[in-house]
Amino acid sequence: DDLKGYHKKCHEQLLDITTLVRLPLTSLQRVSLGALVTLDVHGRDVVEKLSLAGVKQASDFEWVAQLRYYWKTSDQAFSGSECLFLMQVENAFRYACEYLGNSMRLVVTPLTDRIYLTL
């Protein structure tokens, strides 16, 4: 199963990050790795949830309900012809470097996912 293999890869990458966290780091590097670990743990958990749900196609609701990022050609691009879109269910929004909050306080839970889905 491809998702099970990807879940294993996500776990291995988290182990690699824990090795980095043990090294001498600047304040900025430590904050950045902390945010990365939080988001990667959430990503790993989502992959596990998708695998357990038996997701096999991009049209499966469990996948479509996830907040996803796509680089697409668009006339809405700020410069050039391509831009980043956030997509969830049937909605697509152009990413415009919105404020993502205080990463030191970020906690991502299933409730956070449901809130994104209802926005």
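What are the ³J(HN,Hα) values, in whole Hz, obtained from phi via the Karplus relation 6.51 cos²θ - 1.76 cosθ + 1.60 with θ = phi - 60°, for each residue of the range 72-82 in sequence order, with x given for Gly and Pro?
9, 6, 7, 7, 8, 4, 5, 8, x, 10, 10
Where does the chain land at 222 nm, in deg cm²/dmol rounded to the nearest 500, when only DSSP H runs of n ≥ 4 count, each adding -39500 (n - 2.57), divided by all residues?
Value at 222 nm, helices only: -16000 deg cm²/dmol.
If you place +1 on the Cβ of every Lys and Arg and -1 on the Cβ of every Asp and Glu, how big does the dipole about the Cα centre of the range 1-100 come out, in debye to the nearest 20?
280
Just tell me the longest site-free run in the chain, where the sites are chymotrypsin sites (Phe, Trp or Tyr not before Pro) in a DSSP loop having at most 13 other beta-carbon atoms within 10 Å.
Counting only loop sites that pass the neighbour cut-off, the longest clear stretch is 1-77.
So how much slack lies between Leu28 and Arg114, counting 0.36 nm per residue of separation and subtracting their Cα-Cα distance, in nm?
Details: separation 86, 0.36 × 86 = 30.96 nm, distance 3.05 nm.
Taking Leu28 through Arg114 to full extension adds about 27.9 nm, to one decimal.
Could you give the DSSP H helices of the chain that reach 27 angstrom or more along their long axis (alpha carbon positions) and whose average Kyte-Doolittle hydropathy is no lower than 0.0?
Counting only whole DSSP H runs, the qualifying helices are 27-52.
Would you mind working out the accessible area per residue for the range 31-90, using a 1.4 Å probe, and quoting it in Å²?
With all protein chains present, the range 31-90 gives 64 Å² per residue.
Given the Cα-Cα distance of Phe93 and Trp71 and 0.36 nm per residue of separation, how much length would full extension add, in nm?
Difference between extended and current length: 6.8 nm.
Excluding residues on the same chain fewer than 8 positions from Lys8, give the lysines whose Cα lies under 19 Å from its Cα.
In chain and number order, the partners are Lys49, Lys56.
Compute the longest continuous run of the chain that contains no exposed trypsin sites (Lys or Arg not before Pro); treat a site as exposed when its DSSP state is not H, G, I, E or B and it has at most 13 other Cβ atoms within 10 Å.
It works out to 57-104.
Please report, in whole Å, how far the alpha carbons of the range 28-83 spread along each principal axis, starting with the longest.
Principal-axis extents of the range 28-83 (Cα, largest first): 40, 39, 12 Å.
At a Cα cut-off below 19 Å, give the aspartates and glutamates reachable from Lys4, other chains included and same-chain residues fewer than 8 away excluded.
Of all the aspartates and glutamates, those that pass the test against Lys4 - Cα under 19 Å, at least 8 places apart if same chain - are Glu12, Asp16, Asp40, Asp45, Glu48, Asp60, Glu62.
Given a 1.4 Å probe and every protein chain left where it sits, what share in percent of the accessible area of the chain is carbon and sulfur? All intermediate terms of the calculation are to be shown ahead of the outcome.
Working: 5330 of 9000 Å².
Carbon and sulfur: 59 percent of the exposed surface of the chain.
The values are calculated or read from the model by the stated rules, or taken from the named source; none is laboratory data. Because the structure is predicted, anything quoted here is derived from the model rather than measured. FYI the Cβ positions are ideal-geometry reconstructions off the backbone, even for glycines, and counts take in every protein chain you see. SASA here: full protein model, heavy atoms, side chains in, ligands and nucleic acids out. Shrake-Rupley method; radii C 1.70, N 1.55, O 1.52, S 1.80 Å.
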